[in-house]
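Data first, discussion second: the structure below is written as structure tokens.
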Amino acid sequence: NIAEISGVLEGYATRCAVDYLSPAAIRDLRRINEEMYQAYIVHDDQNYAELNHRFHKSLFSVVPNTAIQEMIEQLWQRWIYTAGAFSMVPRRLPTSYKEHLEILDMIEQKKFDEAETLARNHKIHSLNTWIEEIPDSKEQ
């Protein structure tokens with residue numbers, strides 16, 4: 001499953017990013033996450049999806065191993081439901097926001113294992129919610 005593979009890679013990329021994210025970068029990620037929450041409040045799913053993409057891309061952009069970044073991007077492009085997921089499964093948005101906060105907390109505390117696990121589980125939770133809500137999504 002593409003989402004499961006992406007979860008493993010994104011978890012690992014998050015672990016790798018811990019040492020490279022500056023306090024300013026973490027503040028920027030928190031700001032993006034707050035903008036996501038505001039988009040959720042006003043039901044702007046498109047903006048939420050764009051901000052979510054920017055959040056994750058910003059998180060991984062500091063990782064020196066560009067191959068990981070490229071693999072994640074390729075998987076995002078192959079998983080056709082990524083962009084529209086939030087409009088189709090809106091109940092996931094507030095939980096996703098909270099998971100981002102937890103991931104950022106672990107990054108700030110330099111808790112590598114916890115950051116990796118939370119990031120991996122974040123993707124898996126999204127996948128599981130998608131599967132519960134969208135018929136035939138298990139095939140992706």
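Exactly one condition in (1) over 18 Å from P64 (Cβ atoms); (2) more than 14 Å from the chain's Cα centre (by Cα); (3) of a type in the set (S, T, N, Q) is false for N33; which is it?
Status for N33: all satisfied but (2).
Select from the range 47-73 the residues that are surrounded by 13 or more Cβ atoms within 10 Å (Cβ to Cβ) and of a type in the set (S, T, N, Q) and list them in ascending order.
Hits for the range 47-73 are N47, N52, S58, S61, Q69.
Taking the conditions exactly as written (over 11 Å from the mean Cα position of the chain (by Cα) and surrounded by 20 or more Cβ atoms within 10 Å (Cβ to Cβ)), does L21 satisfy them or not?
Judged against the criteria, L21 is a match.
Only residues in the range 95-121 that are free of Cβ contacts under 8 Å to residues at least 60 places away in the same chain and open to solvent by 70 Å² or more (accessible area, probe 1.4 Å) count as the first member; pair them with residues that are of a type in the set (A, V, I, L, M) and part of a helix (DSSP H, G or I), Cβ under 6 angstrom, at least 6 apart or cross-chain, and list the lot.
Listed by first residue and then by second, the contacts come to E102/L118; E114/M106.
The values are calculated or read from the model by the stated rules, or taken from the named source; none is laboratory data. Given the structure is predicted, the values throughout are model-derived calculations rather than measurements. With ideal geometry, Cβ positions are generated from the backbone for all residues, glycine too; neighbour counts draw on all protein chains shown. In case anyone asks, the SASA skips ligands and DNA or RNA and just uses the protein heavy atoms, side chains included. Shrake-Rupley method; radii C 1.70, N 1.55, O 1.52, S 1.80 Å.
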